[in-house]
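Chemist: Below you will find the structure I want to go over with you.
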Amino acid sequence: MPDLAPIIAVIGGGQLARMMAEPAAALGIPLRLLAEAEGVSAAQVIPDHIVGDYRDLEMLRKVTDGARVVTFDHEHVPTEYLHALEESGLAVRPGPDALVHAQDKAVMRSRLAALDVPCPRNAVVATPEEVEAFGFPCVLKTTRGGYDGKGVWFVDSAEQCAEAFAAAEASGVRLLAEERVEFRRELSALVARSPSGQAAAYPIVASTQLDGICHEVIAPAPDLDPGLATRAQQIALTIAKELDVTGVLAVELFETVDGRVLVNELAMRPHNTGHWTQDGAVTSQFENHLRAVLDLPLGSPAPRSRWTVMVNILGGPSETVGRLFDGYPHAMARDPRLRVHLYGKELRPGRKVGHVNTYGDDLEDCLERARHAAAWFRGDLGNESE
């Protein structure tokens, strides 16, 4: 038997776990996966996997048996179970006391306020009348369970709050009201932090959303004031340190029209706004996440090129189902430097099924190449060749 490195258990079989597999293989680090079903994205590339429910403590114990550390593809594992795993001697990274800030928006807002981190004005609300007292227009968010635009409502009156309160009641969660920020664009600050306290900060990127889903990322954010970029990185590093985050932390930010940054969301795992690092940074977010959770020295987050652009491939019209591979001849012939990452997911309209990365010295060229390739895979350009 080969001399294997410590096993990392990964909870969740999505594309983030899938993309951890490549650097893990290169580093000789064995992964063991808890997948939600056979054939899910990560289970296709991680042979050592178990199918089970992350809400079952005994299943969590089974998949982590013999592992040195457990980490996550998503943030939904109950914190009481993570505490139980810690008590058994397992390293949980990020730990439950950190992870709860990514699981519960109300807890996150309270903690960030105590740290004097700039955030939109916010309040937990229990009735439409309390929302009205908070002030319209505003944004209502479920404190737990929301992602990719789910669990978010933009409301302008008490009458428009009904759907949000009904959804919160059905899910047994609270609602958070936040001011509707007038922002120039959305930014993301990505850092990696190890248990020993070493941290690496990636360049601040600009992201655009489509129907609540991250659509496009430009690294670094164009025309960003250097002082504001430094401020955004300092905010992310402060949060990572004060919340004792281990692994990758993504801090989604609003750049306001008056030149400030406000924290919108936190994610304690590799993040869509960091996918550009696979091809555009010296060390990808996925490799640095693995290094961090094993407390290995972190790799350089420096960019390899002046610009890197990431565009998500979303499921398009039903007639494109099963034809993503058919997009390769055109996309690769048109752009030999194109980098394509597909997730092995069944196509559904609007579903994230992959992404493309382009890089170079000309931003407009990078944007055109990435947008064209993503549109081609989606089926928006038909089958015409150029």
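Chemist: Output the peptides 88-97, 277-286, 362-371 sorted from most to least packed, where packing is the average of other Cβ atoms within 10 Å over each peptide's residues.
Modeler: So the order, starting with the most tightly packed, is 277-286, 88-97, 362-371.
Chemist: Follow-up question, since we're still on this one. For Cα extents along the principal axes in Å, which listed value, (1) 77, 53, 40; (2) 72, 54, 38; (3) 57, 54, 44, comes from the coordinates shown?
Modeler: Correct label is (3).
Chemist: Hey, can you grab everything whose amide H is under 5 Å from the amide H of G350? Only 5+ residues off in sequence or another chain; H modelled, so Pro and N-termini drop out.
Modeler: G315, G316
Chemist: Identify the residues of region 71-103 with backbone N under 20 Å of a label point that sits 7 angstrom from the Cα of D56 along the Cα-to-Cβ direction, or state none.
Modeler: Zone members listed by number: 71-86.
Chemist: May I have the count of lysine pairs in the chain with C-alpha atoms under 27 Å apart, counting pairs 8 or more residues apart or located on different chains?
Modeler: 10
Chemist: Return the single residue from T127, T64, T208 with maximal mean-square fluctuation; model: Gaussian network over the chain, springs between Cα atoms under 10 Å.
Modeler: T127
Chemist: Name the residue, out of R291, R121, R32, whose mean-square fluctuation peaks in a Gaussian network model built on the chain with Cα pairs under 10 Å.
Modeler: R121
Chemist: With only Lys, Arg, Asp and Glu charged, each at its Cβ (+1 for the first two, -1 for the last two), find how big the charge dipole of region 121-179 is about the Cα centre; round to the nearest 20 debye.
Modeler: Magnitude of the dipole: close to 320 debye.
Chemist: In nm², what is the average projected area of the convex hull enclosing the Cα atoms of region 209-365?
Modeler: Hull-based average projected area comes out at 10.8 nm².
Chemist: In debye, nearest 20, what is the charge dipole magnitude of the chain about its Cα centre with +1 on Lys and Arg Cβ and -1 on Asp and Glu Cβ, if you could check?
Modeler: The dipole of the chain has a size of about 740 debye.
Chemist: Rounded to whole Å and sorted largest first, list the principal axis extents of the Cα atoms in region 29-144.
Modeler: Cα extents, longest axis first: 53, 30, 24 Å.
Chemist: Still on this model: Highest mean first, how do 222-229, 13-20 rank when packing is the count of other Cβ atoms within 10 Å averaged over residues? Display every interim value, and only then the final one.
Modeler: On the way: 222-229: 12.5, 13-20: 25.6.
Going by the mean number of other Cβ atoms within 10 Å, highest first, we get 13-20, 222-229.
All of the numbers you see were taken from the coordinates with simple rules; none came from a lab. Note that this is a predicted model, so its numbers are computed, not measured. With ideal geometry, Cβ positions are generated from the backbone for all residues, glycine too; neighbour counts draw on all protein chains shown.
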